[in-house]
Amino acid sequence: MSKVHILEDDHFHDHCGVFGVFGHPEAAKLTYLGLYALQHRGQESAGIASTDGGDLHLHRSLGHVQEIFTPQALENLKGSAAIGHTRYSTAGDTTLLNAQPIMIDCNKGKLALGHNGNLTNALELRRRLEHRGSIFQTTSDTEVIVHLVARSTARNLPGALADALNQVEGAYSLLVLTRDEMYAIRDPRGFRPLILGRLDGAWVAGSETCAFDLIDADYVREVEPGEMVRISRGGIESLRFAPEKPHQYCIFEQVYFSRPDSIVFGRAVNKSREQMGRLLAREHPADADIVVPLPDSGVPAAVGYADESRIPFRMALIRSHYVGRTFIEPEQSIRDFGVKLKLNPVREDLEGQRVVLVDDSLVRGTTSRKVVRLVREAGASEVHVRISCPPTVSPCYYGIDTPRREELIASQKSPEEIRRFLGADSLGYLSLESLRAAVGDTQGKYCTACYTGVYPTELVQLEVEAHREG
Ligand code: AMP
């Protein structure tokens, strides 16, 4: 194993959403709607691949789902089965080539693949494959899977997929489409969600239930960790491609990433977040007049905090939902312009008030710092910051975009130093024990590496330790 690949590479940190339909005359349109509901999981590019039994069709582009899929583009995505993908990646890697689904034509036939997660040994595998002559078209970790599938000597596709997946490590919830089949696959630890549902006799699969709600599909069950679900005209077949490993559901899906109206890992996200807020109020009470969320992500936890503390809830920060990617700033720059574009304080609510400001997480601390200042400038007499998860001390290598360890404020500063940096009167984080309780994790099924620095996969743990020592 060569040194610190994962830590040095910025390319492979992306988070995404997947959605697919099998056996419906409007497969591409329904997939488009599913992606629309999963837009929060990735806003840089999106794509849909469809099959009409004879051929696979693909449309991918940079931008938001609504802009990418014109009526004509959807018209061209013919067939009764389709898979789709929304993608977000770190800067520098926003190329159309990396947009998904990836489509290839290989000795196993034509197939399209959409991936949510992050493979932790992708660089290692890629170097080995390149050494043997493989030519990669993208910088995405997902392409490693298709190369391994093509090289497999297994006689059928499920065998080749199993071959490939038994060589990769890390997080993957995958949808694969062939001319006449769809596969829904989840890694043996189940880092990322993946669920199955039904709609008018068709099968649907996707990252979150909010996508099923939009198209009136019924939730059936989760794809189990280590399970490959094969869907064809003949029906659905469950194949186990790898032995079960201790489950590692991503706790940050519950804290921030999933939509609150979804059920993820069998748990209503909104319920988890309100409970985080309640427990936060018990652990870190505040002598205050109002509870204000940092919208939108802080809202459910703030509702819980207000409920438990019996301090009135106020939407005293209003978020604009129309902020685009680029905007023109006047020559004489405006202080905190970026934050002000998104958030505006309601003076009437804040004037003279002692405020509990609730957000779901602190990463670099820059947003909260600016918001504390905005709230004070709007007249608040005290600002008590409450965060509905523990200090984020370690980056995620399993599919959530996080900055390097050095940029995570909690890995560099003590809670008291962070409080001073934010300019807050007090600061309280939810404990890990309470976070686990809030998501109903009695059996230790969640990955909490971002809060503990203890990674559930060996390669990452070894590299992180080597990096610390080096
Ligand atoms: P920061 O300003 O770096 O402390 O960012 C904290 C804010 O970013 C919080 O309001 C979170 O809701 C949000 N956030 C946390 N994690 C992520 C993530 N992986 N991607 C995008 N936003 C995030």
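The values are calculated or read from the model by the stated rules, or taken from the named source; none is laboratory data. It should be emphasised that the depicted structure is a prediction, and the values quoted were computed from it without experimental measurement. Quick reminder, even Gly has a Cβ in these numbers, built from the backbone with ideal geometry, and neighbours come from all protein chains shown. For the accessible areas, the whole protein counts, side chains as well, though only heavy atoms, and no ligand, DNA or RNA atoms are used. Shrake-Rupley method; radii C 1.70, N 1.55, O 1.52, S 1.80 Å.
Can you figure out the FRET efficiency of Ile318 with Ser431, using R₀ = 35 Å and their beta-carbon distance, to the nearest 0.05?
The calculated FRET efficiency here is 0.70.
Percent antiparallel among DSSP beta bridges with both residues in segment 269-442, to the nearest 5?
Antiparallel bridges make up about 15 percent of those DSSP assigns within segment 269-442.
Mind checking the alpha-carbon convex hull of segment 133-260 and giving the volume per residue in Å³?
133
The chain: D in µm²/s via Stokes-Einstein (Kirkwood Rh, Cα pairs, 37 °C, 0.692 mPa s)?
Once the numbers are plugged in, D ends up at 142 µm²/s.
So how much accessible area does Arg127 have, in Å² to the nearest 10, using a 1.4 Å probe?
The accessible area comes out at roughly 130 Å².
With +1 assigned to the C-beta of every Lys and Arg and -1 to the C-beta of every Asp and Glu, and no other charges, what is the dipole magnitude of the chain about the Cα centre in debye, to the nearest 20?
I would put it at about 240 debye.
Pick out, from Gly304, Gly440, Gln137, the residue whose Cα sits farthest towards the positive end of the charge dipole of the chain, with +1 on the Cβ of Lys and Arg and -1 on the Cβ of Asp and Glu.
Result: Gln137.
So what's the gap between the Cα centers of segment 356-409 and segment 159-190, to the nearest angstrom?
35
Just how many pairs of Lys in the chain have C-alpha atoms closer than 15 Å, counting pairs that are eight or more places apart or on different chains?
Going through the chain pair by pair, I get 4.
For segment 298-430, give the magnitude of the charge dipole about the Cα centre (Cβ charges: +1 Lys/Arg, -1 Asp/Glu; no others), in debye to the nearest 20.
With Lys and Arg at +1 and Asp and Glu at -1, about 160 debye.
Ranking request for peptides 379-386, 209-216, 68-75: highest mean number of other beta-carbon atoms within 10 Å first, then the rest in descending order.
Order by mean packing, descending: 379-386, 209-216, 68-75.
So for Lys110, Lys245, Lys78, Lys271, what's the accessible-area order with a 1.4 Å probe, most first?
Lys271, Lys78, Lys245, Lys110
Rounded to the nearest 20 Debye, what is the dipole magnitude of segment 10-245 about its Cα centre when Lys and Arg each give +1 and Asp and Glu each give -1 at the C-beta?
620
So what's segment 410-470 giving for Cα Rg divided by 2.2 N^0.38 Å, two decimals?
Expressed relative to 2.2 N^0.38 Å, the Cα Rg reads 1.44.
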